[in-house]
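Q: One structure, as structure tokens, below. Some questions next.
The values are calculated or read from the model by the stated rules, or taken from the named source; none is laboratory data. Quick caveat, the model's predicted, so the values are computed rather than measured. Backbone-built Cβ (ideal geometry, glycine too); neighbour counts: all protein chains shown. In case anyone asks, the SASA skips ligands and DNA or RNA and just uses the protein heavy atoms, side chains included. Shrake-Rupley method; radii C 1.70, N 1.55, O 1.52, S 1.80 Å.
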Amino acid sequence: MKIANLFTKKKPTVSFEVFPPNEIYSLDEVYKVIDELAKLKPDFISVTYGAGGTSRGRTVEIASKIKNKNHIEALAHLTCIGAETSEINNILEELKKNNIENILALRGDYPKDCTDFKNGDFAHASDLVKFLKEKTSFSVGGAYYPEGHQDTNDLLDLFNLKTKVDSGTDFLISQIFFDNEQFYQFRDKLKKLNINIPLIAGIMPVTNAKQIRKITSMCGCSIPEKLRKILDRYESNPKALKEAGIAYATEQIIDLIASDIDGIHIYTMNKVETAKKIMDSIENIRAEFEEAV
Ligand code: FAD
């Protein structure tokens, strides 16, 4: 099923993100993570593409398992930076062969310390969206940044987002954020720009203080005072930090659902227990909107 069509049937959607094998998780372990996440009955599971040192080649294979073995909708991330049309076409063929109907179209990041980077056929994610919409029938999502994107000033980024949406993006998934009020202000700006496609909120439960400080400094997302106090207090007590981080994310999610969000996307970081605890604590909230379908 195309994710774009999900939103006409239910709101909010609940989805998870997983990443392919890396130096910590083997393919078998990733598959076990997916099997456990599938039991939580998400509307879809997304698979990253070459992010955080993971291998690109496995994205299609993992998305295929999600779709064809777990029978859950799969969203394959695809970056276009430095890519030629023929490379993108090869991946699209693989996705089609595996019955995958949804792509998160991304630019990706320029490789660090690379002096001879070759520009490919797509400069921006909007170019990939346009290509996918003109040449294929995939349902296409894009990324958005409630606190702005590091390469551009906030106002320009908003207008660039408008171009991406006008190129045919069906839905948007946000960068992580920890301050819902800031998110709502951003959502109002999108409405004023006539951006009316479904907005999915990307939520990352904090379970590791060092990791979250690194991620937030990389993606330019702020840490509100309330969360900073939690990080400072429980940094050296991983079990307590996990408890507090899960409670913080759950509170964010409950507030977003009450504020009419179109979808919640949990950046699971391949940690099943975190996703499970959050789902358990919103069991009745979720039952209410599942029943409305
Ligand atoms: P774009 O939409 O192209 O925007 C990138 C920058 O270019 C922005 O500053 C924008 O304002 C500017 N821009 C856009 N269009 C124009 C234009 N026409 N003229 C001038 N400037 C323009 N990375 C991975 O490598 N793999 C993944 O799987 C992955 N998954 C992600 C999932 C989500 C939900 C998010 C939020 C990010 C993900 N990323 C992933 C990271 C992403 O690749 C980076 O954030 C990247 O820097 C921007 O990608 P984008 O698709 O938002 O690019």
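Q: Return yes when ILE197 is under 24 Å from SER139 (Cα atoms) and part of a strand (DSSP E or B) and no when it is not.
A: No: the conditions fail for ILE197.
Q: Do the conditions hold for ALA4, that is, is it under 22 Å from ALA143 (Cβ atoms), within 13 Å of the ligand (Cβ to nearest atom) and assigned to a helix (DSSP H, G or I)? Show your work before the answer.
A: Working: under 22 Å from ALA143 (Cβ atoms): yes; within 13 Å of the ligand (Cβ to nearest atom): no; assigned to a helix (DSSP H, G or I): yes.
Here the answer is no, as ALA4 does not meet what is asked.
Q: Exactly one of these conditions fails for LYS96: (1) modelled with pLDDT of 95 or more; (2) within 11 Å of the ligand (Cβ to nearest atom). Give me its number.
A: It fails just one condition, (2).
Q: Residue check, ASP166 against (1) within 13 Å of the ligand (Cβ to nearest atom); (2) under 19 Å from GLY108 (Cα atoms), all met but one. Which one?
A: Checking ASP166 against (1) within 13 Å of the ligand (Cβ to nearest atom); (2) under 19 Å from GLY108 (Cα atoms), the one that fails is (2).
Q: Could we say that LYS10 is over 16 Å from THR268 (Cα atoms), outside any helix (DSSP H, G or I) and away from the ligand (no atom under 16 Å from the Cβ) here? Talk me through it step by step, then tell me what you get.
A: Numbers: over 16 Å from THR268 (Cα atoms): yes; outside any helix (DSSP H, G or I): yes; away from the ligand (no atom under 16 Å from the Cβ): yes.
It is true that LYS10 is over 16 Å from THR268 (Cα atoms), outside any helix (DSSP H, G or I) and away from the ligand (no atom under 16 Å from the Cβ).
Q: I need the full set of residues from the stretch 214-229 which are open to solvent by 100 Å² or more (accessible area, probe 1.4 Å) and at pLDDT below 95, in order please.
A: LYS214, MET218 - these are the residues of the stretch 214-229 that are open to solvent by 100 Å² or more (accessible area, probe 1.4 Å) and at pLDDT below 95.
Q: When the residues of the stretch 268-293 are narrowed to those that are outside any helix (DSSP H, G or I) and open to solvent by less than 30 Å² (accessible area, probe 1.4 Å), which ends up nearest to GLY141 (Cα to Cα)?
A: THR268
Q: If you don't mind, there's one more thing I want to ask. From the set of residues in the stretch 237-267 that are assigned to a loop (DSSP other than H, G, I, E, B) and either over 21 Å from the mean Cα position of the chain (by Cα) or more than 16 Å from the ligand (Cβ to nearest atom) (or both), which is surrounded by the fewest Cβ atoms within 10 Å (Cβ to Cβ)?
A: In this case the residue turns out to be ASP260.
Q: Output the residues belonging to the stretch 34-57 that are surrounded by fewer than 20 Cβ atoms within 10 Å (Cβ to Cβ) and within 12 Å of the ligand (Cβ to nearest atom). Walk me through how you get there before you give the answer.
A: Initial filter on the stretch 34-57 (surrounded by fewer than 20 Cβ atoms within 10 Å (Cβ to Cβ)): 35-36, 38-41, 51-53, 55-57.
Passing the criteria: ALA51, GLY52, GLY53, SER55, ARG56.
Q: Hey, can you tell me all the residues within the stretch 100-119 that are open to solvent by 100 Å² or more (accessible area, probe 1.4 Å) and within 14 Å of the ligand (Cβ to nearest atom)?
A: ASP109, TYR110, LYS112, ASN119
Q: Sticking with this structure for a sec: Return yes when ILE91 is more than 9 Å from the ligand (Cβ to nearest atom) and either surrounded by 22 or more Cβ atoms within 10 Å (Cβ to Cβ) or over 17 Å from the mean Cα position of the chain (by Cα) (or both) and no when it is not.
A: Answer is yes for this residue.
Q: Consider HIS71 against the criteria (1) more than 9 Å from the ligand (Cβ to nearest atom); (2) surrounded by 13 or more Cβ atoms within 10 Å (Cβ to Cβ); (3) on the phi > 0 side of the Ramachandran plot: it satisfies all of them except one. Which criterion is unmet?
A: (2)
Q: So which residues in the stretch 120-154 are open to solvent by 90 Å² or more (accessible area, probe 1.4 Å), within 10 Å of the ligand (Cβ to nearest atom) and not in a loop (DSSP other than H, G, I, E, B), if there are any at all?
A: Correct list: ASP154 only.
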